[in-house]
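Contents: one structure, followed by commentary.
Each reported figure results from applying straightforward, stated rules to the coordinates on display, with no laboratory input. Just so you know, these numbers come straight off a predicted model, no measurement behind them. When we count neighbours, we look across all protein chains shown, and the Cβ atoms used for this are built from the backbone with ideal geometry, even at glycine.
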Amino acid sequence: MKKTPVLILVGLAWLPTALAAEPALSTEIVPDQEWIVRWQGQPVCVYHFGADRKKPYVRELRPIKGRNILRDSPEDHLHHHALMYGIRVNGVNFWEEAGRYGLEKPVEVLGERAGADRQGRSRASFRQRLIWVGAEPGDKPLLHEERALTVAVDEATQEVALVWRSRFEPAAGVDRVKLEGANYHGLGMRFLHELDPLAVHWVGGEKPDLNDNRQDVRAARWGAVVFNRPEHPATVVLAGSPQNRGAPAHFFSMRTPFAYLSATQNLDQEPLEYAAGETWTLTHLVLLYPEPKTSAYIDERVSSWNRTAGRRARSNASGGN
């Protein structure tokens, strides 16, 4: 006898029972420690927000068929926490964690959800509230932040996509904040030691000259690093939203003595200031693939994301009409 398919609601979308019975993507919150996103039981993203670190960060990021590519707190730079965001605010350093440094302190988990989007792609999201405050006794908060992380997995393209979106405002009692930083301050990532010698950087379709310990900073829509190792190749892409202030982002690239990539707002050249009552949003996209990707492929994928971000911004500006 022919059976009629039954639909049940899982997360964000209606899916056939046969598909929804064993969700490929699942999440777990370890209280006061981590948010873990798994694909078919294996972690693809681990976001750490425990009190043992001075800022929350993405501790692990893995292709759906591969190994973690990030390195946390290496001996040469203990403040390099895998994939992290940090700048200087009113002279307080939220990157190096030394001298007059600050803490990005989690205050509250606002929620999480997991399911599928309208195209059937698996997706999970996590939101939390933070305060940015100096580490010295008596220091008052400088910024309030609402941070949202969204992880999506597209099995057809073997893509793991992470959107990191932060909404900021000056803390109560702060008349004005000045955002500054070194040329690498922003959303940056440090890679496993064994990946360093394999790193091939691309920035907006061009290969910067990183020989002889050179560093490169240039404006572009995206930066990427390809690791073409036979057993576990990978491509990681970092892009800034065209709606970010000062867009396009400036990408800092370095290959020796270790590989590094960060998306910045060029704060070392043009600091930004905001007054009490102002808010601003900073959004980045991170893509990870278990294979080398061409510059043309990356450019089209980032262009697609930019178009979607632009439509969303116009919709929000018009009240969703």
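Using Cβ point charges alone (K and R +1, D and E -1), the dipole size of the chain about the Cα centre works out to roughly 1160 debye.
Stretching the chain fully between Asp175 and Glu278 yields a gain of 36.1 nm (0.36 nm per residue, less the alpha carbon separation). Note on Arg245, Arg53: ascending count of other Cβ atoms within 10 Å places them as Arg245, Arg53, the fewest first. Annotation: extensible slack from Ser73 through Thr308 equals 81.1 nm (criterion: 0.36 nm per residue apart, minus Cα-Cα distance). Residues of segment 202-234 falling in the label zone of Ser295, defined by backbone nitrogen less than 14 Å from a point 7 Å along Cα to beta-carbon, are 202-210, 220-226. Extending 7 Å from Cα along the Cβ direction at Gln119 and again at Glu231 yields two label points whose distance is 3.4 nm.
Looking at (i) 1.13; (ii) 1.01; (iii) 0.94, which value of Cα Rg over 2.2 N^0.38 Å comes from a calculation on the structure shown? Entry (ii). As a proxy for reagent exposure, ranking Leu187, Leu70 by other Cβ atoms within 10 Å from fewest up yields Leu70, Leu187. If a spin label sat at a point 7 angstrom from the Cα of Ala219 along the line to its beta carbon, the backbone N atoms of segment 265-297 nearer than 16 Å would be those of 265-272. Find the centroid of the Cα atoms in segment 192-248 and in segment 71-111, then give the distance between the two in whole Å. Measuring centre to centre over Cα atoms gives 22 Å.
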